[in-house]
Amino acid sequence: MQNPIIEQTSHGNTVRYQRLPSGTCYHEDTPQEVIALLEEVQGTQRKIRLYYGDPATGQSWFDENDVIGTIGRSCGNIKVPLLIEPGEIGGPAILDHCIVRIDSPFRTLYQHPTFRVGDVAIHKGVHVDYPWSVTIDGQVHAGFVNKRRANAFAAFIQGLRFALPVDKHGLIECENDDLPWQVWVNDRQKAAFLSEAEATRYWHALQ
């Protein structure tokens, strides 16, 4: 690598970057295929999902948050790619050298040669609040209130669906002239009201 850029972090570690003609800096160990993809979508409105993991083995780290959005770029002397969620103007720096898979909403764009999640299974247990659990390689990873949510999470963590379903929980204003204010609990509609004040009182009574 020619003319690497070296940065000293606040923890005393040294990070070596490669700067592209575009001005964006990537970790020196980031695969060229990953760099090309991130460069292609940077500054566009194309939404992608990143899978972080062990770059040596391809083992996923099962990240759920800060993995879906568009690609932007930071300011300053060392401009690194950022993951920007909908409605935001900034976001966290991408661990580009730890990416083991990249998806669009429609297909996989990049995958580590030995990408692996693990053996994912769904079980019903005895926990009162979260009776359904998702295990990975025999270890409980997360618990859920119903089987539908467990199935959705299992599909998401394996990369069989792009994103998790949006939860409906709380007060929601809808396009209904008669009863525009709805109260939802764990994705189930409990009641509907004419005014926000009525819906709020009902919501507080449920707590």
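The values are calculated or read from the model by the stated rules, or taken from the named source; none is laboratory data. Because the structure is predicted, anything quoted here is derived from the model rather than measured. As a convention, Cβ positions derive from the backbone with ideal geometry for all residues, glycine included, and neighbour counts pool all protein chains shown.
In the range 152-207, the qualifying residues are those that are in a loop (DSSP other than H, G, I, E, B) and at positive phi, and the one that is modelled with the highest pLDDT is Gly159. Determine whether Arg161 is in contact with a helix residue (DSSP H, G or I) (Cβ under 7 Å, 6 or more places away or on another chain), free of Cβ contacts under 8 Å to residues at least 40 places away in the same chain, within 18 Å of Glu64 (Cα to Cα) and surrounded by 13 or more Cβ atoms within 10 Å (Cβ to Cβ). Answer is yes for this residue. The set of residues in the range 96-119 that are touching a Ser or Thr at 6+ places or on another chain (Cβ under 7 Å) and either free of Cβ contacts under 8 Å to residues at least 12 places away in the same chain or in a strand (DSSP E or B) (or both) comprises Val100, Arg101, Arg116.
Pairing each residue of the range 27-48 that is assigned by TED's automatic domain parsing to the domain that holds Asp96 with any residue that is part of a loop (DSSP other than H, G, I, E, B) and aromatic (Phe, Trp, Tyr), provided the two are 6+ apart or on different chains, yields C-beta distances under 9 Å for Lys47/Phe162.
Looking at (1) touching a residue at least 12 places away in the same chain (Cβ under 8 Å); (2) within 23 Å of Gln18 (Cβ to Cβ); (3) out of contact with any Pro (no Cβ under 6 Å at 6 or more places or on another chain), which one does Asn77 not meet, given that it meets all the others? Only one criterion is unmet by Asn77, namely (1).
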